[in-house]
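Heads up, the thing below is written out as C-alpha cells.
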Amino acid sequence: MTRIVVETRFGRIGIEEKDGAITGTAWDAVPEGAPTPLLEEAARQLAAWDAGRAVRFDLPFRVAGSAFRQAVCAAIAAIPHGETRSYGEIARDLGQSAQAVGAACGANPIPILIPCHRVLGAGGRLVGFSGKGGVETKVALLRHEGAAGLLI
C-alpha cells in the first residue's frame, strides 16, 4: 500500500492505493511510500473538491469485502454532489434492510471519495458517520457540497 496526504478544510486526509486502485482514505494519515501517478491524480481531485472546483471523483476504487458491501459503496458513489439518499432508499434499491445498508455504509473504507456522508436516516435525520468528528463532520461535508433540505 502507498499513501499520499492532502490538507483539506476537514483535516489531513490520506488516500491509499494498492495495485492500481484507490482502496482507502484516512483522517490524520501520514504519507507512506513514493506517490504514484494515480495518488497524485487523487490528491489533485480531492484538493479541487475541497476548493469547490469539482463535484465528482473520477478514480478507480477497489472496495474490500463482500459483494453486498461493494454494491452499497457503488450505490453511494452514484449519489450526485449536493444530493442525499436515505439508508432506506438504498436498501429498497438493493433489496436489503436499511440496517444492513447502514452497517455497510459505516464500513465504507473510502469515505469522502465514496461519499457516505450523503446517506441520511429516515426523514433526513443525521445519523452516524465513521469519519473523524462523527456527525459534526458529516454536517460540514454536506454543507460544503450545498446539500439541500438538511434538517440541521
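Give me the base-10 log of I(q)/I(0) for the range 73-152 at each q in 0.18, 0.24 Å⁻¹, Debye formula, one uniform scatterer per Cα, rounded to two decimals.
These q points yield log10 I(q)/I(0) values of -0.64, -1.21.
Take the alpha carbon atoms of the chain, find their radius of gyration, then divide it by 2.2 N^0.38 Å using N residues; give the quotient. Present the calculation step by step, with values, prior to reporting the outcome.
Details: Rg = 14.7 Å, N = 152, 2.2 N^0.38 = 14.8 Å.
Normalised by 2.2 N^0.38 Å, the Cα Rg of the chain equals 0.99.
Given a 1.4 angstrom probe, I'd like the percentage of the accessible area of the range 11-152 that is carbon and sulfur, rounded to a whole number.
53
With every protein chain present, what is the per residue accessible area of the range 33-152 (1.4 Å probe, Å²)?
48
One quarter of the convex hull surface, Cα atoms only: what value does that give for the range 47-91 in nm²?
3.8
Dipole of the chain, Cα-centred, from +1 at each Lys and Arg C-beta and -1 at each Asp and Glu C-beta, to the nearest 20 debye?
That gives the chain a dipole magnitude of about 360 debye.
Please work out the C-alpha center-to-center distance from the range 1-66 to the range 90-136 and express it in whole Å.
What the calculation gives is 20 Å, centre to centre.
The values are calculated or read from the model by the stated rules, or taken from the named source; none is laboratory data. What you see is a predicted model; the values in this text were computed from it and never measured. Backbone-built Cβ (ideal geometry, glycine too); neighbour counts: all protein chains shown. Accessible surface areas use protein heavy atoms only, side chains included; no ligands, DNA or RNA. Shrake-Rupley method; radii C 1.70, N 1.55, O 1.52, S 1.80 Å.
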